[in-house]
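Each value in this text was obtained by applying a stated rule to the coordinates, not by laboratory testing. In this text the structure is predicted, and so the values were computed from the model without any measurement. Heads up, the Cβs are rebuilt from the backbone with ideal geometry, glycines too, and the neighbour counts pull from every protein chain shown.
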Amino acid sequence: MTARRLDSGGLIDRSNPISFWFDGKTYEGFEGDTLASAFLANGVSIVGRSFKYHRPRGLWSAWVDEPNAIMNIRLNGKEHPNCLATTTYIEEGMAARSVNAFPTAKYDTKGGLDLFHRFLGAGFYYKTFIWPDWHLFEPAIRKMAGLGAVDREVLEDFQSAQHHAKCDVLVVGGGAAGLTAARAAAEAGKDVVLVDDQRVLGGSLYRCGVAADLDPSDWVAAQKDAIEASGGRILTHTTAYGIYDHGLVALVQSQGFGRAPALLRMRAEQVIMATGALDLPITFSKNDLPGTMSLSAAGEYLARYGVLTAKKPLVMRNNSLASATVENLRAAGAKVEEIEHVDGITNQGRKHTTGLRIGKESIDADAVLVSGGLTPLVHLWRHAGGKLDWCETRQAFLPKPATDAMIAIGAANGTYDLAQAIEEAEAAGKGTPIDRPETSYITTPIETKPGSKGRQWIDFQHDVTLKDIEVAARENYVSVEHLKRYTTLGMASDQGKTSNMAGLTAMAALRGKPIPQVGTTTSRPPFMPVPLEIYHGAKTKQLWSPVKRLPLEDKHRDLDAALCEYGGWLRPGWYGKGDRDETIQKEAKAARDTGGIFDGSTLGKIEVMGPDAEAFLNFVYYNTIKTLKPGSIRYGFMLTEGGIVYDDGVVTRVDQNRFIVSCSSSHVDGVRTHLEAWRQDGNDPDRIFVHDQTTAWATVTVTGPKARDVLGRLDTTIDLSAEAFPHMTYREGAMGTISLRIARVSFSGDLSYEVSVPAGHAETLWDAITAAGKEQGVGPIGLEAMSILRAEKGFIIIGKDTDGETMPHDLGFTIPRAKKKAAFIGDRSLHTEKANAEDRKVLVGLSVADGDPPLATGAHAFTETPTRRSLGYVTSSYQSPNVGPIALAIIEAPHAKVGDTIKIWHKEEVREITICDPCRFDPEGGRLHA
Amino acid sequence: MQIFTCPFCGSRDEREFHFIAEAGKTRPDTLTQISDEDWAAYLHSHRNEKGHVREIWMHTTCGELFLLERDSVTMEVLGSTALREASQ
Amino acid sequence: MKRYSAWQLFREGLRGGKGWGKAWRTPKPKKQYDVAIIGAGGHGLSTAYYLAKNHGITDIAVIEKGWLGGGNTGRNTTAIRSNYFYPESAQLYDLSVRLYEGLSKDLNYNVMFSQRGMMVLAHSEPEMEMAARQYNAMRLNGIDAEFLDAKEVRKRAPILNYRDDARYPIHGAVNQPRGGTGRHDAVAWGYARAADALGVDIIQNCEVTDFLMEGGRCVGVNTAFGEIRAGMVAATVAGHSSVIAGMAGFKLPIHSYALQAFVSEPYKPVLDTVVLSPAVGTYISQSDKGGLVFGGALDRVPSYGQRGNMPVQEAVIGGLLEFMPALSKVKLLRHWGGIVDVTPDSSPIIGPSAVDGLYLNCGWGTGGFKAIPAGGYLLAHRMATGQHHEISRPFDLDRFTTGRLIDESAASGIAH
């Protein structure tokens, strides 16, 4: 490679040298260099290998459209795969390795694959590997695929900042057009944000020039100052990679190599797309040889990085715009020869081009600089659903006329002339856009000749050639989508930036149709690959779906509670540092012997109030609520309209027009939404109010034979005697100045009070109760013990002992279905064929002999007549210190009569078990009504 | 993020909203005889139009239901109406 | 149909590929067929194939408004599995897995079905209990299953998050060894080529605009190319099912939503199996090309837009990084969306519609790709014999009237 660094010129800082490493060798570059420019300056010409054939690859472009120069980079001990050399600025100590090549890009052991290219054409794997079995071939193919390697070590610093922002006008692209439009809009009083993906604003101005005797840097600086003086914001290193519905533009801003980029979600009233245009390759024989580069890229390397690509380049171009670059190259000392493309022209050389050949005539060169015509970068336009028009003059797809939300200007709009682009941009920024001006740009389409000789590359990374497209056409994969998927053209990491048009042109030629009839390019976000971390932001680890915390958490920690996640809440499973199972057994036993204190704060408390509250709840609940008296509590189910049990819980009538709906801890949001939706749809919402008080109140449950004694020691205004305060009733009062609500309900099956205070007083209540409890030998119990107690009574937990089919009559609650005379949610569904079926799964208990191990939760009941099938499954199973091993299950009714034996299967083991009543403790309820 | 407009709170991020049902569904009077087919139609049949749709959404932040008119292809939001106005 | 084989590949390699023939014809539609199928996605093409192959009915037109396989079939994340809960679902999806197992040979087209297992993780004790319930169900249904502890999961998928500070620690998993992935385009193209070879006409770029009805019976369709009469018509149009039903004057129990899918740049192999984390709702596999393919929950806004928005992207990708933080620097290459037709019980609809002469194969929601062979096989059976196959009977449209829903929302893994 004869590229070299010039002594002056470019936007790099020659006073700041930086050393880096590539494929085994150390090199030096300067601050402001990308890896690519530094490679060139150091004469590195082979930067990678193509995906399929492992052919040597050199740099094609100078920025984001680069298909070949993909690196794995190690910096500061961390490995970063799949970095694009043209967009990665070098840093001291960077160690880059080419991907898909071993040991180096220059000398790759798999280079020999290319010899078999005839048999490895597009889609070859669909036609073979059928016999004997795909599985035999797959591992080898998988090993050969892929580019960089993922480092299995988790990178600690991957938190990406995420921002929301908004503006009146978002200008994408900081070249001549973008800068002008941003300035005009800002000066017109708009809130403007300008984004550019480079380090230095200016786009193609450095290589194309602004005007005679005007340094592009000065012009750019003047625009920048004017924009900022009018309050505009400018973001560099920032790429607009996608536009989503309702004008949401996704921006990613680099924070420096190795650091997570920032994500900006920008809501823009209007987007001005000044994204420029790409210079395209020309399809000709062996056009993939290293040293074959985009002419514009050569211009960029010279202008931005002070690197002269070649001493003696051949320039092959088909359009009028390339002249500026040719002049610059000559001015920098290159001996440029221009050559016209003709049919049959071919590249020469093995690992690097040595020039071109036409027939027998050879023209030597150390680089072939190609300009196949400009194509506007219209990806964002397409993301936003914008349409394209084919322009025969420019041989390119151009954005259709602007809408209020989106305007394209400059080269992105096909306005290649600088003066015209500036005029167009000025008008757009002012808010008075003009029509696209007539262009002076001339391009001569180079016809793709199907069947022409030589291997002609369409997609450099995926090794898709013209011949592949011919085969695809021959096989009738002629639509653009079929063509792309079949050949994989345009599906590499460059997403077809350099290959889509060539592929389209080739297919058009093959089908004898004009390009626009064959198809246009669709594009989807992201415009270029973005790291996944930007979507994660700060919501990592415990901040991902954060667990809900109890007001009494500190008290539980003081008691060495084992805090675990239950239904989205962090709750005490058991207390103390002892053995888990032993502790739980102790707590469950103590709860029945003396009592237990339990944090029930998570239980939903949704107040339903108003003159129509009674009728409303009578409709919402399966059970009859109309007859519930003030001060009384009733257990009930809420059904879906499909008749399925959605939630269970108690409803308390506080007074005539006031109720408290208690619902499962994990269902509170769902129940609230459910109540609100029904409240407003079909009712008069001025007569019913729903108010979620769940987190406003803390609840401590005191349960057990000594519950009354414990509570009695508190200084409350409530008469706790059995006559004054029976089971399933509710009282309000105070403890000192603290409001108190007590519901005498029981999940444990023993005498039990749920005591609630405003959450701010939770600790006071807890201290009072635990102190009283100490004197009575009653201590805290966790959720695990409580789960055992309720199971001893056959009390269900929704979603655990019920599933997506369970209806209330499956649980033994049959009366409302038969007798309730008022309408309720789900009523009609309780009488369908399925609801009436005799083989429905019903809730039963399973009797396990004392001393035998408990059944496994999730074990299935099964039968073998006529064939083996499941009859249902074990939903809850525990070792109970009070009753022995217990289990609840839902099993098809005909097989689930009390006293029947049934086979239970778990992980290939079978046990024979007897069906029993779900309630195993105090079936008469004497303890409940104590 | 799409932006939907709650008639009460104004424009908000789509994450604050929850789709309830297509507009126009009326619950049959379940105290009368309803055939299995009619009940199934009420429960499960949807227009599911491609294009202009009229839907009931909840703004979960404030809990209010409202009628949202949109285009289900272009995602354009055509209007939000408070439920009470919509029923008139 | 020219047979594909390594030998042919070699021969054609020497001849410059000139001998490869059309994978399918581009026929002009006739005015009349025995069967017209609307929608040349996977299910439409497989229905045509099995009608021809299993039942000798070859006078078929598959009418597609765009390009064959261009809808959800070309947009999914390619998972194939039968790890469902209810026996009816197990039978349905396992029929499909069995058909997939022989499909490449059957179609003479390599669909690259890679049975590398599908692991559903369990992140807590309650989830391990659910996993046991699921595992036992699978075994009783005769489906292959393995119950794995955390150590075994780690051996098979070392790249997952085993850190102490993981939001959702891995306790274990249920694995279906016969589950895996396939090459989605190849399935569409394979069925198209094989059906075409049996005489089926695939009419692309031909939109159905209306039904032809006589005396309340569907007797054909009106299209951009004119009328096509048919003895039987089937609609296999996934997310557009309600649009087609609307043309025939009835409604379906379907909402159409956007389902997003994602693929990364290609990387050297880091994941050999398919993994789903129900806790975050994201599942992932790695393609043979090296791209990591993943997806998650629906965008919960009814949509025909074939695209989704950022909130779901953040939920899916953020969730992925929670159980695979090593992928944080992996780059997203592309994301896209399909239109999925979701039923109340997340189970499909196979069989006659409310209109005489019109049949349905739809309602697959997020799970249609894995069922392409079974959906086509069963609909073909119902149409050709006039009777349901015992496997498809439970999925008839009438289940919504009888209440016999098959609620697989839990089993489908991804939140609905």
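Overview of results
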item	result
Value of D in µm² per second that Stokes-Einstein yields for the protein assembly as shown, Kirkwood Rh from Cα pairs, at 4 °C (1.567 mPa s)	37
Nitroxide proxy distance, nm - points 7 Å out along Cα→Cβ at A:Arg199 and A:Gln879	6.7
Charge context of A:Glu92, other residues only, Cβ under 11 angstrom, K/R +1, D/E -1	-3
Spin-label pair C:Gln8/C:Thr209, simplified geometry with 7 Å Cα→Cβ offset, distance in nm	3.9
Between region A:1-68 and region A:847-867, the Cα center-to-center distance that results, in Å	69
Calculated FRET efficiency for the pair C:Phe225/A:Asp213, C-beta based, R₀ 60 Å, to 0.05	0.40
Radius 9 Å from Cβ of A:Ile625, net charge of other residues (Lys, Arg +1; Asp, Glu -1)	+2
Gaussian network model of chain C, springs between alpha carbon atoms under 10 Å - residue of C:Val153, C:Val316, C:Val301 with greatest fluctuation	C:Val301
Percentage relative contact order, region A:803-916, counting C-alpha pairs under 8 Å, at least six apart	25
Centroid-to-centroid separation of region A:189-205 and region A:478-500 [C-alpha atoms, Å]	30
Region C:90-187: trypsin sites (Lys or Arg not before Pro) in DSSP coil with no more than 15 other Cβ atoms inside 10 Å	C:Arg163
Which listed pairs, of A:Lys800/C:Lys370; A:Lys453/A:Lys484; A:Lys106/A:Lys449; A:Lys903/C:Lys370, have C-alpha distances above 24 Å, in listed order	A:Lys800/C:Lys370; A:Lys106/A:Lys449; A:Lys903/C:Lys370
Centre separation in Å (Cα based) which lies between region A:395-450 and region A:695-715	77
Spatially proximal aspartates and glutamates relative to A:Lys586 (Cα-Cα < 12 Å; intrachain offsets below 8 disregarded)	A:Glu784
Region A:316-447, relative contact order [Cα under 8 Å, separation at least 6], %	22
Among the listed pairs A:Lys312/A:Lys497; A:Lys25/A:Lys143; A:Lys841/B:Lys50; A:Lys78/C:Lys155; A:Lys793/B:Lys25; A:Lys52/C:Lys2, those beyond 32 Å (Cα-Cα)	A:Lys841/B:Lys50; A:Lys793/B:Lys25
Candidate lysines for bridging to A:Lys224, where Cα separation is under 22 Å - those fewer than 8 sequence places away on the same chain excluded	A:Lys166, A:Lys190, A:Lys430
Where a label projected 7 Å from the Cα of A:Ala734 along Cα→Cβ would reach, residues of region A:691-718 with amide N under 18 Å	A:714-718
Relative contact order %, chain A, counting alpha carbon pairs below 8 Å whose residues are six or more apart	9
Cysteines without a disulfide-compatible partner [chain B; Cβ-Cβ under 4.7 Å]	B:Cys62
Approximate spin-label separation A:Ala818-A:Leu559, in nm, with each point projected 7 Å along Cα-to-Cβ	4.4
Ellipticity estimate at 222 nm from DSSP helix runs (n ≥ 4, -39,500 (n - 2.57)) divided over chain A, nearest 500	-6000 deg cm²/dmol
Per-pair calculated FRET efficiency, R0 = 35 Å: A:Ser362 and A:Thr439 via Cβ, rounded to 0.05	0.45
Förster radius 35 Å - calculated FRET efficiency between A:Lys166 and B:Thr74, Cβ distance, rounded to 0.05	0.95
